[in-house]
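Quick note: the coordinates plus some simple rules give every number you see, no bench work behind them. Predicted model, so just to flag it, every value in this text is computed and none were measured. All Cβ positions, glycine included, derive from the backbone under ideal geometry; neighbour counts span all protein chains shown.
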Amino acid sequence: MKWLLSLVRIIDAINEGVGRFVSWITALLVLVIFNDVVMRYVFNKSFVFTQELEWHLFAFIFLVGAGYTLLHNGHVRVDIIYARLSPRTQAWVDAICCLIFLFPGCWLVLTTTIPFVENSFNMMEGSPDPGGIPYRWVLKACIPFGFLLLTLQGVALFIKSLLVALGLSAPAEEAH
């Protein structure tokens, strides 16, 4: 069981580190948007590169930050029922939902996007717009990377939930 807890700590640390990095990218996105607004409304100029950079950064934040969000229990769920359950029942729900929804969904995205990224890389896909961002495959590679991080965090959640559900570990709220 110690190796399972070590694995959970490693996965949690990876997504915690990634989440901290993503927070800096969020700050960068704010600066890029501020620059775009100033250029557009003060100087009456707009650049395709800047507009594309905005949605590239947003996509990166959304995709790569998903594991961090799961780590901190920030994903949407139907709390009206879940919140009324005991911690052990909540752990069973989390473990079962990982098996039924999270893992198959992540597997589907991973298996379908890897060829998508490979194709984009092989043709060195870039923006179709003049002045746009080249190497669009880099952004597309964030899809399987983000879902890999989400899958890893799902493994950690599954292990934590299973240990709580089986009574081998205290729920996270009680453990602190």
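Counting only whole DSSP H helices of the chain, the ones at least 27 Å long by C-alpha along their axis and with mean Kyte-Doolittle hydropathy no lower than 1.0 are 2-41, 136-165.
Taken over the chain, the convex hull of the Cα atoms encloses 141 Å³ per residue. In a reduced charge model with +1 at each Lys and Arg Cβ and -1 at each Asp and Glu Cβ, the range 37-132 shows a dipole moment near 400 debye about its Cα centre. The alpha-carbon positions of the range 89-176 define a convex hull whose volume is 112 Å³ per residue. Taking packing as the residue-averaged number of other Cβ atoms within 10 angstrom, the listed peptides 96-109, 119-132 run from highest to lowest as 96-109, 119-132. Helical runs (DSSP H, four residues minimum) scored at -39500 (n - 2.57) apiece and divided by the length of the chain put the mean residue ellipticity at 222 nm at -25000 deg cm²/dmol.
Measuring nothing but how far apart in sequence close Cα pairs (under 8 Å, 6+ apart) lie, relative to its length, the chain scores a relative contact order of 32 percent.
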